[in-house]
1. When the chain is treated as a GNM, springs tying every alpha-carbon pair under 10 Å, which of GLY12, GLY89, GLY76 comes out with the largest mean-square fluctuation?
2. Say each of VAL10 and THR70 gets a label point 7 Å from the Cα, pointing the same way as Cα to Cβ; how far apart are those two points in nm?
3. So how much slack lies between ARG92 and ASP141, counting 0.36 nm per residue of separation and subtracting their Cα-Cα distance, in nm?
4. Please check: in the Gaussian network model of the chain (C-alpha springs, under 10 Å), which one of MET189, MET72, MET151 has the largest mean-square fluctuation.
5. In nanometres, what is the gap between the two model label sites at ARG174 and LYS195, each 7 Å from Cα along Cα-to-Cβ?
6. Multiply the residue separation of ALA53 and MET167 by 0.36 nm, subtract the distance between their alpha-carbon atoms, and state the gained length in nm to one decimal.
7. Summing -39500 (n - 2.57) over the DSSP H runs of n ≥ 4 in the chain and dividing by its residue number, what mean residue ellipticity at 222 nm do you reach, to the nearest 500 deg cm²/dmol?
8. Could you provide, to the nearest whole Å², the per residue accessible area of segment 1-198 with probe 1.4 Å?
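The values are calculated or read from the model by the stated rules, or taken from the named source; none is laboratory data. Worth saying up front: this structure is predicted, and the values here are computed from it rather than measured. Positions of Cβ are backbone-derived with ideal geometry, glycine not excepted, and every protein chain shown enters the neighbour counts. Just so you know, the surface numbers come from the protein's heavy atoms only, side chains and all, with ligands and any DNA or RNA stripped out. Shrake-Rupley method; radii C 1.70, N 1.55, O 1.52, S 1.80 Å.
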Amino acid sequence: MSTSLIAGFVLGFSLILAIGAQNAFVLRQGLRREHVFPLCLTCAVSDAILIAAGVAGFGTLAHALPWFETVMRYGGAIFLIWYGLRSLGSARRGGAVMEIGEGKRVSLKSVLLTVLAFTWLNPHVYLDTVVLIGSISAQYDDRLAFALGAMTSSFVFFFSLGYGAGMLSPIFTRPRAWQVLDLIIGVVMLAIAAKLVLM
């Protein structure tokens, strides 16, 4: 299997693991078993579009402006360090408990509009996909494989989260589970940042 493909998958999966409004919403809907397939598909396709834009656009821009790759590489490293330290801080303070909540069934339109807002109106999504994945992809000879790896990670993650929510619910009702997840995310982010700086 291509090294670029694996690197893209690992990076994409590490970034997407971060606990945020979008993932919490997908997890909650998965626990409620409402509109899981269209919800997961919308999240994964949105990510794929943003990743493609980042990898394609960044490569073109990097050729036009040779200094741009260096600026984005160090900028990405700074963002990852901040992100990693924030996750480690969350792990030290203790995780939050996932509130599932009961209530009336929500319409498909409402679910999709909500998740589209979580995705496309969140500046961190652009930093993760367009900027960060785009800049890191420039370090690999096979940028297409890197992009496909990152896209695949989105599909694997969202569908696993949506359909695996029933199995995860006993785990993520405990703050300790969020703590461990935040710790893992923090370590991975700092490791990626170190690799970017030392390249």
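1. Comparing GLY12, GLY89, GLY76 in a Gaussian network model of the chain, the most mobile one is GLY89.
2. Spacing of the two 7 Å Cα→Cβ label points: 2.7 nm.
3. Full extension of this stretch gives 13.8 nm more.
4. Among MET189, MET72, MET151, the largest GNM mean-square fluctuation belongs to MET72.
5. 3.1
6. Full-extension gain reported as 37.6 nm.
7. That calculation yields -26500 deg cm²/dmol at 222 nm.
8. Spelled out: the 1.4 Å probe surface of segment 1-198, per residue, equals 50 Å².
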